[in-house]
Amino acid sequence: MQDVLAGRDLFSMDSRHVILDMLKTRYGDRWNIRATPNMWIASARKSETRAAPTVIALSLDELIEELESPPKRVGKGLHPLLERLGWERIGTAWRSPDGGGDLLA
């Protein structure tokens, strides 16, 4: 049983709420942080970040390490085909290269 729990946090959910509040105070400007009984999850607040958009950790130490020095994003975060065709990203939509009002959402 000990091997199954190795590397996992054994905090009660009540203590997780206190820790979660502290994490949100420290990292909440950049990350949306939540916890389940088995893991910690942080999602980047800005979609255009160069860091990984989501961090999942089994321990609090692992989460803090990832938040302090997040791994690099794997993809470019933009659709490469649309970029090559000259489309421009506007928020979550795309404007056609001819400058018209056509937007893909």
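Please turn the phi angles of region 83-90 into ³J(HN,Hα) values with the Karplus equation 6.51 cos²θ - 1.76 cosθ + 1.60 (θ = phi - 60°), one per residue in order, whole Hz, x for glycine and proline.
For region 83-90, the Karplus curve yields 4, 5, 7, x, 6, 10, 7, 10 Hz.
Output wanted: per-residue J couplings in Hz (rounded whole) for region 50-67, from phi through Karplus 6.51 cos²θ - 1.76 cosθ + 1.60, θ = phi - 60°, x for Gly and Pro.
7, 8, 4, x, 9, 10, 10, 9, 8, 10, 5, 4, 4, 4, 4, 4, 5, 6
Can you give the FRET efficiency for MET22 and ARG84, using 1/(1 + (r/R0)^6), R0 = 35 Å, r = Cβ-Cβ distance, to the nearest 0.05?
It comes out at approximately 0.20.
The numbers here are math on the coordinates, done by the rules we state, and not lab data. On a predicted model such as this, the values are computed, not experimentally measured, just so you know. As a convention, Cβ positions derive from the backbone with ideal geometry for all residues, glycine included, and neighbour counts pool all protein chains shown.
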